[in-house]
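One structure is given below, encoded as structure tokens.
The values are calculated or read from the model by the stated rules, or taken from the named source; none is laboratory data. Please read all numbers here as calculations on a predicted model, not as lab measurements. Reconstructed Cβ throughout: ideal geometry from the backbone, glycine too, with neighbour counts over all protein chains shown.
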Amino acid sequence: MTTTTAAAPARRGKAMDSLTQRYLVLIGLIVIASVGFGIANDNFYSLANIGILLRSIAVLFLVSMGMTFIMLTGGIDLSVGSNVAFAGGVGVIALTATDSALVGFAAAVLAGMAIGAINGVFIGRLRLSAFMVTLATFALARGLALVIYDADSINVFNGAFLWLGGQSWGNMPVVIPFVALVFVALSVLLYRSPFGRDVYAAGSNFNTAFVLGRMPQRTLVWVYVLSGALAGLSAIITVGRVSSGQPWTGLYLEFDAITAVILGGTSLFGGRGRLLGTILGVLLYGIIINGLVLTGTNPYLQNLIKGLILLGVVLLDTLVQRRKAQ
Amino acid sequence: MNFKTGLMSATALTLMGAPAVAQDDTLDIVFINDGHVAPYHVAWLKGFEDAIDAYDEAFPDTKITGRWLSAEGSLEKMIQQTEVTINEGPDVMFVNAINVDAFEPLVAKAQEAGITWIAVHSPMDSADYSFTLGDVVNGTNQGLAMCALSGGEPYKVAIMLGQAGNPSGEARREGILKGIGACDNIEVVAEQPADWDTVKAQSIAENWLTQFEDLDAISGVTDAYMYPSIAIATNSGKDLDFYGYDGDIPILQQMQNGTVKADILLSGTREGWNFVQMAYRIHEGETPDKVYDFFTPLVMTEENHKTALDNGFPEDVEVYYVDEALDVAAKGYLEFGPDSVK
Amino acid sequence: MPDLSRLLREKNIIFVTLALCLVFYLISPRFLSLDNMSAISRQIVPIGLIALGQFFVVVSGNIDLSMGMGSVLFAIVLGVFFGMTGGVALGIVAVIACSLALGFFNGVLVTKLRLPAFIVTLSMLFCAQGLSGLIIPRGQQIFLMGDFFRFIGAEKFMGLYWSFLFLVALFVLAWVVYNHTRWGAAVIAVGNSEENARLAGVNVDRVKIGVFMFSALCSGFAGIMLSSRMGFVQPGLDGNGLLLDGIAAIIIGGTLILGGRGTIGGAFWGLLFIGVINNALNLLNVEDVWHQVFKGAVILAALGANWVLWQSRQVEAH
């Protein structure tokens, strides 16, 4: 796939320009979509509805931010959806065994990180294709989830464990400020720490980063572990949301996350993109797709619209950039 | 037994007398289902939509509207859809909950908002009403039919199950095994879950046909399994008996040539129509039974029914013959249309 | 050296597949029965078509994610035409025309507009999924019974299914094209380096559009095979599972996901490998929940094995 990156890596300043432009396009689309839904449905702007909408994309926010890190290194993670189910299973089992929410949280996050570590070692250390490795863990983690749950769901009654995903303050779900917090933390990590610079370096040019002693192999391992940890957090939120552990949760979630990250302007080939774009991508995706889901649009039509939005945004972006270049 | 059903459903409810309605009277019905893809779902949602239109036209004094949502198998999506729907405040909600326990808080919230909550398939104490299917009884009838039609010789059957842990699937399995237990010539050679999935059913059926060369019959807890099973057996020239469950029209049609021996007439179309009828009755002030059991007869050909009776099949099991079953399955209004409540 | 490593690579998957067969045979002698062998040969046909189409796309340095959902869409196109006309001829023409059009569209977006294949075909995946439900009124199911479907789905020639023979013929044809024509060489050249291929006089855009049209055509064929074997169609079939199985088959068969390398023979053995595993897990009554674990672990193991053989190449190719 990487052979299509024949174009020389863009200079930093220019890349920022085209990214800003992408963000403006996204904001415009978000406004248009919101106005459209507002006209079609008076109830769309009730505070309760906005809370529900944001909560429904909380998990997508988290895994997409993890996916952004991975795609900045030029990789991909197809296993996140399965990992959410697997980590949830481990967390719920640990919770029922010990009756301690803390142990449950830790188990879920560690389980997510474990799958991430498998991905990371195979991709970072053995330098195998991310697509293929995570395709294998996609099956592996889903299978393990099914084994853990014995293909059945497990009800959870521990209030503390359910708090993060289930609780609301009035119309504001607890999980929204939590996601905002994670966003701030990850932004600091990406823009203000040496690790963040390593992520961009590994994605821009692995070999140069290697020669410069930035140890991109190690960066890659940690990026996948980070994505796994976010999948573990997502698992906790999901279990809290539905007060039970479900073996089939998160099925094909990775497709949604990849779509949202691409919408947010992050390059598939690494080195270019920002977390803000992903947030906008998830918002657009969430407002349009979840708006359609929640208002009962034909599910097949939703898929078609999803495909057309993805293609449309990328196409629009390319055409605008081309015109600019001329 | 031809026109019993209309009467039956009429007597199943207590009439409380309908008050006169104003022009601006409205009835908004929302049906939140667990999926939209399986043939049964398709028929179900179609029956529901058709019934909404028919009732709206037949009762000009009341504006009757409705819509369905599909959670596409995701509990999370279903909870979101339910919350948004409660905010919009319809009159009646039918919810086919993927996990009943997760919906308890939402039932309370809906009732606070003055919405009538009808739990679909899995009964809920807290719900205003529960719409149930009698899975064990139906399964038993299927098993009994197999006993009576197997002819007394050793008879090998493989049973395709629902998703592990799914209450409806487990109940149907329990019933089928209970029915088969009535005779001792039937041997269950395999039981395997196909997760309500036609593709999985296809590979399982394919393996069974290689694995058990002398297999006599395939039984399933849903007609969705019958499509690939019948197609594979027919295409490999094997003459098997099939025992279905659901009353899908294409499967009922396969009874006429003798491929399918017995089926349970749930019929998605009928169920969809019955929903709207039920909602309308509640709207008119009637109170159905708190647990409303859907009337689901067994379907056989007349000839097979006679053979079965000769072989000791219980006479009190309600049986529809194929033509009649096809008729009510295709035309939900025969049993549950506006005429049934006028 | 390339010859040696190619041999080694193909041999490793052959040995693993044969060893697996032996193990399964020891557990259940029925595994190697003629009936079961022919069941496997029939089960792998749709995956095989996806794998073959994907092979050329991947070797050219691209990927086609729309193949799985595409084949579901094309199965339904066939079903809709069959439902309307009661015949298959028009349906097959329509499937071929639609699939070539989809492939052309994918190819043009990738080449002329320079969009990444991943994004283009991902959005086509969603579109195909949506269309598959929209072109059947209310998402109904359609029975496909008749001589044609029986022929494709069940008729045999000298003990082998016609559908399997068709697959084998297509693989042989692909082998010839890949190894002995300029077009095959051009696909490899494009996958290795577009720049160099262009310098060598290869029309890169035309090659890429070609591979996408071929992969879409393969998913059209897969749709026909799938629907004939099932005897009915409905939207909502899991095309993604098919897609991922197909990709796994060629990667296990030693195709480099980054492009430029791979062999048709390897892809075929990878396909048999996937087919044997899928079949055995069912046949040996392995509990359903373990299937995915087993599959994931086996793919990881195969990747590890390939790493040993490809180590040097992987490092330089990233």
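For every residue, the table says whether it meets (1) away from chain B (no Cβ under 14 Å); (2) more than 23 Å from A:I115 (Cβ to Cβ); (3) surrounded by 24 or more Cβ atoms within 10 Å (Cβ to Cβ).
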{"position": "A:Y191", "(1), (2), (3)": "yes, yes, no"}
{"position": "A:A201", "(1), (2), (3)": "yes, yes, no"}
{"position": "A:L212", "(1), (2), (3)": "yes, yes, no"}
{"position": "A:L226", "(1), (2), (3)": "yes, no, no"}
{"position": "A:T249", "(1), (2), (3)": "no, no, yes"}
Just to be sure I understand, how many residues within the range A:143-161 are part of a helix (DSSP H, G or I) and either closer than 18 Å to A:I237 by Cα or more than 7 Å from chain C (Cβ to nearest Cβ) (or both)? 6
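For (1) part of a strand (DSSP E or B); (2) away from every other protein chain (no Cβ under 14 Å); (3) in contact with a strand residue (DSSP E or B) (Cβ under 8 Å, 6 or more places away or on another chain); (4) under 19 Å from B:D263 (Cβ atoms), each residue gets a yes or a no:
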{"site": "B:M93", "(1), (2), (3), (4)": "yes, no, yes, no"}
{"site": "B:W117", "(1), (2), (3), (4)": "yes, yes, yes, no"}
{"site": "B:N138", "(1), (2), (3), (4)": "no, yes, yes, yes"}
{"site": "B:Q142", "(1), (2), (3), (4)": "no, yes, yes, yes"}
{"site": "B:V157", "(1), (2), (3), (4)": "yes, yes, yes, yes"}
{"site": "B:G179", "(1), (2), (3), (4)": "no, yes, no, yes"}
{"site": "B:Q192", "(1), (2), (3), (4)": "yes, no, yes, no"}
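With in a helix (DSSP H, G or I) and more than 7 Å from every other protein chain (Cβ to nearest Cβ) as the only criterion, which of A:L284, A:L301 stands out? So that I can check it myself, show each step before the final result.
On the way: A:L301 fails: more than 7 Å from every other protein chain (Cβ to nearest Cβ).
When all the criteria are applied, what remains is A:L284.
Going through the range C:39-88 one residue at a time, which ones are of a type in the set (G, A, S), in a helix (DSSP H, G or I) and closer than 30 Å to C:N192 by Cα?
Filtering the range C:39-88 for residues of a type in the set (G, A, S) gives C:39, C:41, C:48, C:51, C:53, C:60-61, C:66, C:68, C:70-71, C:75, C:79, C:83, C:86-87.
After this cut, where a residue has to be in a helix (DSSP H, G or I) as well, the list is C:39, C:41, C:48, C:51, C:53, C:68, C:70-71, C:75, C:79, C:83.
Correct list: C:G48, C:A51, C:G53, C:G68, C:G70, C:S71.
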Could you look through the range B:98-119, keep only residues that are without any contact (Cβ under 8 Å) to a residue 60 or more places away in the chain and touching a Leu at 6+ places or on another chain (Cβ under 9 Å), and pick out the one that is surrounded by the fewest Cβ atoms within 10 Å (Cβ to Cβ)? B:N99
Can you confirm whether A:F131 is within 13 Å of chain C (Cβ to nearest Cβ) and of a type in the set (F, W, Y)? yes
Among the residues of the range B:71-91, how many are outside any helix (DSSP H, G or I) and within 14 Å of B:I29 (Cα to Cα)? 3
Give just the number: which of (1) modelled with pLDDT under 85; (2) touching a Phe, Trp or Tyr at 6+ places or on another chain (Cβ under 6 Å) does C:A39 not satisfy? (2)
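Picking from A:L268, A:L253, A:L311, which residue would you name as being closer than 27 Å to A:S187 by Cα and facing another protein chain (nearest Cβ under 8 Å)?
Working: A:L253 fails: facing another protein chain (nearest Cβ under 8 Å); A:L311 fails: closer than 27 Å to A:S187 by Cα.
That would be A:L268, the only listed residue that is closer than 27 Å to A:S187 by Cα and facing another protein chain (nearest Cβ under 8 Å).
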Give me the residue from the range B:120-136 that is under 25 Å from B:R173 (Cβ atoms) and out of contact with any strand residue (DSSP E or B) (no Cβ under 7 Å at 6 or more places or on another chain) and, out of that set, surrounded by the most Cβ atoms within 10 Å (Cβ to Cβ). B:D135
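Considering only the range B:303-342, state which residues are aromatic (F, W, Y) and not in a helix (DSSP H, G or I).
As a first pass, look at the range B:303-342 and keep what is aromatic (F, W, Y): B:313, B:320-321, B:333, B:336.
Matches in the range B:303-342: B:F313, B:Y320, B:Y321.
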Members of the range B:214-250 that are at the interface with another protein chain (Cβ under 8 Å from one of its Cβ atoms) and either more than 20 Å from the chain's Cα centre (by Cα) or among the β-branched types (V, I, T) (or both): B:I230, B:A231, B:I232, B:T234, B:N235, B:S236, B:G237
Might you check whether a residue that is under 20 Å from the mean Cα position of the chain (by Cα), among the small types (G, A, S) and within 22 Å of C:I252 (Cα to Cα) occurs anywhere in the range A:140-153? yes
A:N155 passes all but one of the listed conditions (1) surrounded by 20 or more Cβ atoms within 10 Å (Cβ to Cβ); (2) in contact with a strand residue (DSSP E or B) (Cβ under 8 Å, 6 or more places away or on another chain); the exception is number (1)
Among the numbered criteria (1) surrounded by 15 or more Cβ atoms within 10 Å (Cβ to Cβ); (2) within 30 Å of C:L258 (Cβ to Cβ), which one does C:N179 miss? (1)
Would the range B:164-174 turn up any residue that is crowded, with 23+ Cβ neighbours inside 10 Å, within 14 Å of another protein chain (Cβ to nearest Cβ) and on the phi > 0 side of the Ramachandran plot? no
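Residue by residue, here is whether (1) buried (at least 22 other Cβ atoms within 10 Å of the Cβ); (2) over 30 Å from A:N205 (Cβ atoms) holds:
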site	(1), (2)
A:S34	no, yes
A:G51	no, yes
A:M65	yes, no
A:L78	yes, no
A:N83	yes, no
A:V90	yes, yes
A:T98	no, yes
Exactly one condition in (1) part of a strand (DSSP E or B); (2) in contact with a helix residue (DSSP H, G or I) (Cβ under 7 Å, 6 or more places away or on another chain); (3) more than 10 Å from chain C (Cβ to nearest Cβ) is not met by B:E187; state its number. (2)
Got at least one residue in the range C:95-115 being more than 28 Å from C:V190 (Cα to Cα) and more than 9 Å from chain A (Cβ to nearest Cβ)? yes
Of the numbered conditions (1) at pLDDT 95 or above; (2) closer than 17 Å to B:Q80 by Cβ, A:I50 fails exactly one; give the number of that condition. (1)
Members of the range C:196-208 found to be touching a helix residue (DSSP H, G or I) at 6+ places or on another chain (Cβ under 9 Å) and within 14 Å of chain A (Cβ to nearest Cβ), listed by number: C:N196, C:A197, C:R198, C:V202, C:V204, C:D205, C:V207, C:K208
Criterion: within 14 Å of chain A (Cβ to nearest Cβ), over 16 Å from C:V77 (Cα atoms), touching a helix residue (DSSP H, G or I) at 6+ places or on another chain (Cβ under 6 Å) and not in a strand (DSSP E or B) - qualifying residue of C:S132, C:S163, C:S123: C:S123
Which condition from (1) assigned to a helix (DSSP H, G or I); (2) facing another protein chain (nearest Cβ under 10 Å) is the one that C:V211 breaks? (2)
Pairs only if they're at least six apart or on different chains, beta carbon under 9 angstrom, first in the range A:87-106 and in contact (Cβ under 8 Å) with a residue 12 or more places away in the chain, second among the hydroxyl-bearing types (S, T, Y) and surrounded by fewer than 18 Cβ atoms within 10 Å (Cβ to Cβ); list them, first residue then second. A:A94/A:S100; A:G104/A:T96; A:G104/A:T98
Top-ranked residue of the range B:261-288 - restricted to ones that are over 14 Å from the mean Cα position of the chain (by Cα), at pLDDT 95 or above and over 20 Å from B:D339 (Cβ atoms), ranked as surrounded by the fewest Cβ atoms within 10 Å (Cβ to Cβ): B:K261
C:A89 away from every other protein chain (no Cβ under 12 Å) and more than 30 Å from A:G265 (Cβ to Cβ): yes
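Which residues, taken from the range B:212-246, are part of a helix (DSSP H, G or I) and buried (at least 21 other Cβ atoms within 10 Å of the Cβ)? Give the steps one after another, and end with the answer.
Residues of the range B:212-246 that are part of a helix (DSSP H, G or I), as a first pass: B:223-235.
If the condition is that a residue be part of a helix (DSSP H, G or I) and buried (at least 21 other Cβ atoms within 10 Å of the Cβ), then B:D223, B:A224, B:Y225, B:M226, B:Y227, B:P228, B:S229, B:I230, B:A231, B:I232, B:A233 are the ones that fit.
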